[in-house]
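For reference, the structure discussed in these notes is given below.
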Amino acid sequence: MPENTRFPESFLWGCATSAYQIEGSPLADGAGPSMWERFAHTPGMMHNDDNGDIACDHYRRFRDDVRLMRDLGLTSYRFSIAWSRILPSGTGAINQKGLDFYRQLVDALLEGGITPMATLYHWDLPEALDDRGGWLNRDCADWFAEYASTCFEALDDRVPRWVTLNEPWVVTDGGYLHGVLAPGHRNPYETARASHNLMRAHGAAVQAYRAVGAHQIGLVVNLEPKYPASESAEDRAATQRADAYMNRQYLDPALKGTYPPEMREIFGDAWPDWPAADFEQIRQPIDFLGINYYTRGLTAHDPSAWPLYARTVRVPQATYTETDWEVHEESFTDILRWVRDRYGDIPLYVTENGAAFYDPPVAADDGVHDPLRIDYLRRHLRAVHTAIKQGADVRGYYLWSLLDNLEWSLGFAKRFGIVHVNYETLERTPKDSAKFYAEVIASHGESLSEPRTK
Ligand code: BGC
């Protein structure tokens, strides 16, 4: 008998996107520039000089996109709000037209029976605040709370779930240590400070929510389980550091009020003794945790890989995605269980999971045949189901991503969507994976137990 893969009745089935990656028209209707606007227009920073000026043109086509979501049967949708559409200078004057855009989007979702989940920060800090030091300035916690309160006041009557930050690790590792994402800095002293200030901002936004909000608020982290590449003491120690850096650096302060001891080992004197009061601000009770999972990391000691002295090892015979991430769904189950074991019974949402693969062009039959993505999704959805059976309280799954979109500095070349976007005509074509996901949703997961020939 095939295994029962039916998900709990109240489980939410969603897709996730973010503002700069899909909206286009970043300066329309009074919006201010963000640091991504500046980064993407700096020569040499983006693959193929791509930028978010048009992206998927979702800003103007959002009603069509909501229709697509309805056709798929989505019951929820996770999107992000562009801070500089709401407060063009980051603080101060409110741009009503920016709020109107998100209100219209949320209304269209609700009319379609789709529950919104809104992320406040998916990496697009207003340029005006970056000019004032951005995440390096301790005032950023107040700036973020002001912006967050503006959004809560305008939209909490119809948005039941809020996310403060998306993936603080990527913001700091890519933006402040390796310089491959906005704002493009390379400085460990800055990295430590930006990390800590992001968490203070998270805490400040949660505090602000408790004053005005009536629903739920949480944090989204990207987790990558780390396993030693060998049994050597060096590889095991490298694995501990990599795990602390990527997985515990944000969850420990948010949920336990401390940093992992390895942070000092990794950053040396760039990791200061933070004021004790900061931890009280950071450790605010949250209603749920969002987990983004893409891959695992088989980890080896590497003396050249400063400052972590650890690197991810390539696994022979494994399948890799177009972004060079190993496909390893068992680790997804592991990490969901690990979160429950380490941090207790907090409700979880998978807020991102998906893959970029090379897609053939739109076929004569008007389809896009993407069997590798279907295989990835099937494996990972089953892994979530297994985690639930093992006791992880996972309440929803948001596939990354609804549409092909701007994969940050990798430009439009890497396609994560289950809906193909023709960047010349902006036409949307559901891929085979969209049909697969629609069937999963319609059967509440039961179709996942069918043989893999489909
Ligand atoms: C981010 C997305 C990104 C995706 C794929 C996540 O790190 O939240 O914005 O497109 O992964 O790389």
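Values for this structure:
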| read-out | value |
| --- | --- |
| Cα lying deepest toward the dipole's positive end in region 12-449, options W271, H444, L74, charges on Cβ | H444 |
| Zone of I94's modelled label, taken as backbone nitrogen in region 187-218 under 14 Å from a point 7 Å along Cα→Cβ | 212-213 |
| Normalised contact order of the chain, rounded percent, pairs of Cα under 8 Å and 6 or more residues apart | 18 |
| Paramagnetic label zone (point 7 Å from Cα along Cα-to-C-beta, R63; backbone N under 17 Å) in region 410-454 | none |
| Within the chain, helix-based [θ] at 222 nm, where runs of 4 or more DSSP H residues each add -39,500 (n - 2.57), nearest 500 | -11500 deg cm²/dmol |
| Shape call, the chain: gyration tensor on alpha carbons, a/c limit 1.5 | rounded |
| For region 12-449, size of Cβ-based charge dipole, Lys and Arg +1, Asp and Glu -1, in debye | 760 |
| Where N is the number of residues in region 54-197, Cα Rg divided by 2.2 N^0.38 Å | 1.11 |
| Relative contact order of region 12-151, pairs being alpha-carbon contacts under 8 Å that are 6 or more residues apart, as % | 31 |
| Length released on extending from R158 to R337, taking residue separation times 0.36 nm less the Cα-Cα span | 61.3 nm |
| Positive-pole candidate from W83, A55, L289, dipole of the chain, charges at beta carbon | L289 |
| Which of F279, F7 is most accessible, then next, and so on - probe 1.4 Å | F279, F7 |
| T42 paired with E446, simple spin-label distance in nm, labels 7 Å along Cα-to-beta-carbon | 5.4 |
| Unit charges at the beta carbon, dipole of the chain: most positive-side option, G354, T386, F416 | T386 |
| Mean accessible surface per residue for region 1-139, computed with a 1.4 Å probe while every protein chain stays in place, in Å² | 38 |
| Value of relative contact order over region 105-228, rounded to a whole percent, pairs C-alpha under 8 Å and six or more apart | 32 |
| Solvent-accessible area, 1.4 Å probe, carbon plus sulfur percent, for the chain | 50 |
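The values are calculated or read from the model by the stated rules, or taken from the named source; none is laboratory data. Just so it is clear, the structure is predicted and the values come from calculations on it, not from any experiment. Note that each Cβ is placed from the backbone with ideal geometry, even for glycine, and that neighbours are counted across all protein chains shown. Only protein heavy atoms, including side chains, enter the accessible area calculation; ligands, DNA and RNA are left aside. Shrake-Rupley method; radii C 1.70, N 1.55, O 1.52, S 1.80 Å.
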